[in-house]
Amino acid sequence: MLLEQLTELLDHREVTVQPIIDLNQAHSVNGYEHPTLVKHRTLLRMLGDVFPHSTNTGYRRLDDDHPTPYVPPDRGGPPGQTGDHNDGPLTRTHHRVKTHKPGYDVCQLGLGVYRWATPHGLARLVTTTEHAGSS
């Protein structure tokens, strides 16, 4: 398509061209903070909060949590701990529940797959399409 045709098709609107993001690949960094690229990739994959039965979708104020706790390198932590493979966006309330309420546990089983355990012994599988499954 020619630039002139594209300009006419879009009615002279401002457009931002961004690179294609392959969500089947993982990206990681050696720091604690989740960089914007990792946050963006996780939200594109998960569409919002990964707490079981959460209805918070989109980019509304989410904390990027490490499902597997981060261990600083000077305490023996491995490189590349922060990335798609260890990122679970949570609302502030859900982040506090996971962090401070005994018995809540999450394990990221793969890109876009989280297994939650509750203090009551129930398990929930959270994926891009399901917030279901108890065991």
**Asked** Out of all the residues in region 9-67, which are exposed (fewer than 13 other Cβ atoms within 10 Å of the Cβ), farther than 16 Å from Thr82 by Cβ and touching a Gly at 6+ places or on another chain (Cβ under 9 Å)?
**Response** Thr55, Thr57, Gly58, Tyr59, Arg60
**Checklist (1) in a helix (DSSP H, G or I); (2) closer than 30 Å to Leu3 by Cα applied to Leu23, failing item** = (1)
**Message:** Restricting to region 33-54, give me the number of residues that are of a type in the set (Gly, Ala, Ser) and in contact with a His (Cβ under 9 Å, 6 or more places away or on another chain).
**Reply:** 1
**Request:** Select, from Pro78, Pro102, Pro72, the only residue that is over 23 Å from Thr57 (Cα atoms) and open to solvent by less than 60 Å² (accessible area, probe 1.4 Å).
**Result:** Pro72
**Message:** Considering only residues that are free of Cβ contacts under 8 Å to residues at least 40 places away in the same chain and among the small types (Gly, Ala, Ser), which ones fall in region 42-79?
**Reply:** Gly58, Gly76, Gly77
**Prompt:** What is the one condition in (1) surrounded by 13 or more Cβ atoms within 10 Å (Cβ to Cβ); (2) out of contact with any strand residue (DSSP E or B) (no Cβ under 8 Å at 6 or more places or on another chain); (3) not in a helix (DSSP H, G or I) that His94 does not satisfy?
**Reply:** (3)
**Prompt:** Is it true that some residue in region 114-121 is touching a Pro at 6+ places or on another chain (Cβ under 6 Å), open to solvent by 30 Å² or more (accessible area, probe 1.4 Å) and at pLDDT below 95?
**Reply:** no
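The values are calculated or read from the model by the stated rules, or taken from the named source; none is laboratory data. Predicted model only: the values in this text are computed from it and were never measured. Methodologically, a virtual Cβ is constructed for each residue, glycine included, from the backbone with ideal geometry; neighbour enumeration extends over all protein chains shown. The accessibility values were calculated without ligands, DNA or RNA, using every heavy atom of the protein model including side chains. Shrake-Rupley method; radii C 1.70, N 1.55, O 1.52, S 1.80 Å.
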